[in-house]
Amino acid sequence: MSGTNTDGKRYFRRLSRYYLWFTACLALFLVALGILEREGMPRQWIGHLYMFGTIVLYATIGVVARTSNVSEYYVAGRRVPALFNGMATAADWISAASFISLAGTLYLHGFDALAYVMGWTGGYCLVALLIAPYLRKFAQYTIPDFLAARYGGNGDGRGTTVRAMAVGATIIVSFTYVVAQIYAVGLIASRFTGVDFSVGIFLGLASILVCSFLGGMRAITWTQVAQYIIILVAFLIPTMWLSAKFAGNPVPQVAYGSVLPKLAQREAQLARDPREQQVRTAFRARADEYAARIKGLPHSWEAGKVEAQRRLDVARSRNAPLGEIRTAERELLSYPRTADEAARLWTEERAANLARAQPPEPHADPFPGKTPEESDIRRNNFLALVFCLMFGTAALPHLLMRAYTTPSVNETRVSVFWALFFILLIYLTMPALAVLAKYDIYTSLVGTDFSKLPTWVSYWANVDKANPLISIVDVNGDGIVQLAEIAIDGDVLTLATPEIGGLPYVISGLVAAGGLAAALSTADGLLLAISNALSHDIYFKIVDPGASTQKRVTISKLLLLAVAFIAAYVASQKPADILSLVGAAFSLAGSTLFPALVAGVFWKRATHQGAIAGMIGGFLVCVYYMLHTNPILGGSADAAWFHIAPISAGVFGVPAGLAVLVIASLLSRPPSTASMGLVEHLRAPE
C-alpha cells in the first residue's frame, strides 16, 4: 500500500510540473500576442492564431495520450488524482451555456437568472452526496452498467432491458446537450476568425475528435485540465479589470457588493429620464401599429405587400441611389409570404416592441411583477428551474462517468470537493461580471453622442448582419444614446466584456478561447459518453460479449466518429438557442435517470419493473410537457401547467418518474438477494 501511495504522489508531482509549465507558456503566449497587437497585427490574424493554437494544443495532448487499452480508454486507468479530476470535471461542467450565455442572461434578467447558478451548483452537491462515491465503489465503466447490475441482479438477463433503456436515455440527453456545445463552437469560431458558421463547426469538431477519438477518457481528462486553466484565466482577467475600474478592488466578489447599489441608483435615474420615456413611448406606438395590422388581417397583409412593391417601383423610376433601391428590394423580399406568416411575425414584433417599451427592471429585485400574481408566477418559475437543473445535473451521464476515474472512493469524494471549488471560482464571479458590465454600459455607453460610439459597438454589430448581436438606433432623433435604444444579445456580453472595459483585443481573443475550451471540453465528455454506451453497453454486453478489448475500443472510436458528425450536422441547422437546448437536456436527464439512480443506491425495495416504469414514466411526462408548451416544438405557452415554462419540464417529469418507480416496485416482487447485496456493498463504509 505504501508503494502505491508513493507512486501516486510521484505521479501527482509530475502532473503538477507539466501543468505549471503549461500555465507559464500560456502567459508567454499572451504577452507575445499583446506585443504583436501593439505593433499593428490585424484582429483577424489574432483570432486565427488563437484558433490554430488551441486546436494544435488539444491535438497534441490527444496524440500524446492516445491509447487502445480498455481501462485507459473508458476510465483513464482509474488513476487520476483528486485535484486534477476536480479540474477536469469543472471543465466538463462549465459548458458553453455557462461560459458564454450565463453572464448575458444575468445581465438581461437580473435576479431571476440566479436560478442557473443555484441550480447547477446545487446539483453538484447532490452528485457528491447521493451518487458519485457509490458509483466509484461499483467500479465499472458506464451508468447503464450500474443500472443493469442493480436492477437485473437475479442472473436471468433482465438487466438487458434496463441497460438498453439507460443507453437510450444517455444518448438522448447527451446528444441534445452536445448539439448545443457544437453550435457554440461554430458561433465562436465564426465570430473570431471570420469563417462561415458551418466551417467553424467542423474546425471545432476536428479538435474534439483528435482528443476523444485517439485517447478516450485518458486524453479527454488531460485536455480538460488544460482547458480549465484557459477558462479560468479567460474569465477572471476581464472581470478583475472591471472590478478594479469601478470599485478600486480587483476581487470581483467584493466589488459586486459595492457596485450593485450604484447600479440600482442608475436604474432609478434612467426609469425617470424624460428622454428614456420618450423612446419607450415610441416603442409602445410601434407595438400598437403591429396590433392594428394583426387585427386587420388579411387585408393589412395585402395592402402592405402592395405598398412594398410600390416603394421599389418608385425608387427605380426616379433613378434613386443604388443603396436606396437595394433597401427597397430587401424590404419586399423579407415581407411575409402569406397572411399566416405575417400574423406570426407581427405578433413576435409586437411582443418585442412591448418589451422594449417597459422601464428597466431593477437588477437586484427578486421576482418583480406588476401584480402579485405575476410576481408569484416568476417566483414559481425560478424555483422550478432550480429544481430541474439540480436533479438534471445529478443525472448527467458524462459527469457521473468521471466518478469512475479516480484511484479510490475517498479520492472520488475529495475530487468532488475540488470540482465544486473550481466551479465556484467561476460561478461566484459570473453575477459580478454581469453587474460590472451592466454598470459600465449604463454609465459609459448610455448618454454617449451617436457620433462618438465606441468601436466595439460597430464591430459586434457587423459580426452577424442577419441577426445583429448589438443594435443601437436613434429612435427619438436626439443624437444621444438612450438605454431603451440599445438591443444587446446575451451571448455577446462575455465575449465583448474585454472591449467594453477598454482592454486590448488580445484579451477578447483569450475570452473567445475560453468559450471554445468550455464548449470543447463538454462536447468531448458527451461524445465519449454516447460512444461508450453504444460500444460497451450495447455491442459488448448485448451483441458480442466475446469481443476482444482491441475490437471494443475500435468500435467505440468508430461510433464516436459517426455520432460527432451527426451532431455537427444537426448543430449546423441552428435548431434553437444554446440555453433552450441545455435546459431540455437537463429536464430529460433528471426525469429519466435520476429516480432510478438514487433509488438504486438508497432503496433496496426498488425493483427491475419499478426502474423500467420510472424511466418510461418520467421521460413521457417530460417530453409531453415540452411538446405541448414550447412554441418552437409546435406547442402553445397557454397550455402550461401552473404557468411553468417549458425549459422546466423536469419539475413534472422527476416527481412522475419517482412516483411511478415507487408504485411499480411495491406492486412487483421484491428484488433478488444479489440486488440487495449490491446495495449493502455500495453503502458499506470502506
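The values are calculated or read from the model by the stated rules, or taken from the named source; none is laboratory data. Just so you know, these numbers come straight off a predicted model, no measurement behind them. Ideal geometry is used to build each Cβ from the backbone, glycine not excepted, and the neighbour counts take in all protein chains shown. Side chains included, ligands, DNA and RNA excluded: accessible areas come from the protein's heavy atoms. Shrake-Rupley method; radii C 1.70, N 1.55, O 1.52, S 1.80 Å.
With the Cα gyration tensor of segment 550-686 in hand, give its eigenvalues times 5 under a square root as the equivalent ellipsoid semi-axes, listed largest first in whole angstrom. Could you put the intermediate results ahead of the total?
Details: eigenvalues 201, 124, 26 Å².
Equivalent-ellipsoid dimensions as semi-axes: 32, 25, 12 Å.
Under Stokes-Einstein, with the Kirkwood radius over Cα pairs as Rh, the value for segment 205-309 at 4 °C and 1.567 mPa s is 65 µm²/s.
Using Cα pairs under 8 angstrom and six or more residues apart, how large is the relative contact order of the chain, in percent? Kindly include the intermediate steps, with their values, before the conclusion.
Numbers: 1122 pairs, mean separation 190.0, N = 686.
Taking the mean separation of contacting Cα pairs over the length of the chain, I get 28 percent.
In straight Cα distance, which aspartates and glutamates are under 20 Å from K245, not counting same-chain residues fewer than 8 positions off? Partners found: E267, D440, E499.
Taking a straight line from the alpha carbon of K541, these lysines sit under 18 Å away, with near neighbours fewer than eight places off in the same chain left out: K551, K557. May I ask you to derive the FRET efficiency for H299 and A562 from their Cβ-Cβ distance with R0 = 41 Å, giving the value to the nearest 0.05? About 0.20, to the nearest 0.05. Positive end of the dipole of segment 342-482 (Cβ unit charges, origin at the Cα centre): among A351, N476, F450, the Cα lying farthest that way belongs to A351. Each listed q (0.13, 0.19 Å⁻¹) maps to a log10 I(q)/I(0) for segment 458-527 from the Debye sum over equal C-alpha point scatterers, namely -0.50, -0.88.
How big, in percent, is the set of alpha carbon pairs in the chain lying more than 32 Å apart? Intermediate results must be reported in sequence, preceding the final value.
Numbers: 127135 of 234955 pairs.
It works out to 54 percent of all Cα pairs.
When the inverse distances between all different Cα atoms of segment 73-130 are averaged and flipped, the Kirkwood radius reads 13.3 angstrom. Among the trypsin sites (Lys or Arg not before Pro) within segment 301-358, those in coil by DSSP and having at most 11 neighbouring Cβ atoms inside 10 Å are R318, R337.
In segment 197-255, one over the average inverse separation of all distinct C-alpha pairs is 13.8 Å, which is the Kirkwood hydrodynamic radius. Based on protein heavy atoms only, the chain ends up with 41 Å² per residue of surface accessible to a 1.4 Å probe.
Once you reduce segment 534-597 and segment 1-67 to the center of their Cα atoms, the two points are 29 Å from each other. Positive-end ranking of G514, A529, P504 along the dipole of segment 459-613, with charges on Cβ about the Cα centre, is headed by A529. Kirkwood Rh over alpha-carbon pairs of segment 500-560, then Stokes-Einstein at 37 °C and 0.692 mPa s: what D in µm² s⁻¹, rounded to an integer? The diffusion coefficient I find is 235 µm²/s.
So for segment 262-341, what are the equivalent ellipsoid semi-axes in whole Å, largest first, each being the square root of 5 times an eigenvalue of the Cα gyration tensor? Mind showing how you got there, number by number?
Working: eigenvalues 249, 78, 22 Å².
The three semi-axes for segment 262-341 are 35, 20, 10 Å.
In the chain, a dipole from Cβ-located charges (positive for Lys and Arg, negative for Asp and Glu) runs towards its positive end, and of G677, Y50, A113 it is G677 whose Cα lies farthest in that direction. If only the Cβ of Lys and Arg carry +1 and only the Cβ of Asp and Glu carry -1, the dipole of the chain around its Cα centre is close to 1700 debye.
How much of the calculated P(r) for segment 25-118 lies past 15 Å, in percent of all Cα pairs?
Working: 3381 of 4371 pairs.
Beyond 15 Å sits 77 percent of the P(r) for segment 25-118.
What do the square roots of 5 times the Cα gyration tensor eigenvalues come to for segment 398-505, in whole Å, largest first, as semi-axes of the equivalent ellipsoid?
Working: eigenvalues 354, 42, 24 Å².
Semi-axes, largest first: 42, 14, 11 Å.
Any chance you could tell me what percent of the C-alpha pair distances in segment 311-461 go past 18 Å? I get 81 percent for the Cα pairs in segment 311-461 exceeding 18 Å.
If you count only protein heavy atoms and use a 1.4 Å probe, how large is the accessible surface of D489, to the nearest 10 Å²? Number for this one is 60 Å². The charge dipole of segment 83-230, taken about its Cα centre with unit charges on the Cβ of Lys, Arg, Asp and Glu (plus for the first two, minus for the last two), comes to roughly 360 debye. Annotation for D478 and R310: the two label points, set 7 Å from Cα along the Cα-Cβ direction, are 3.4 nm apart. Using heavy atoms of the protein chains and a probe of 1.4 Å, the accessible area assigned to Y624 is about 110 Å².
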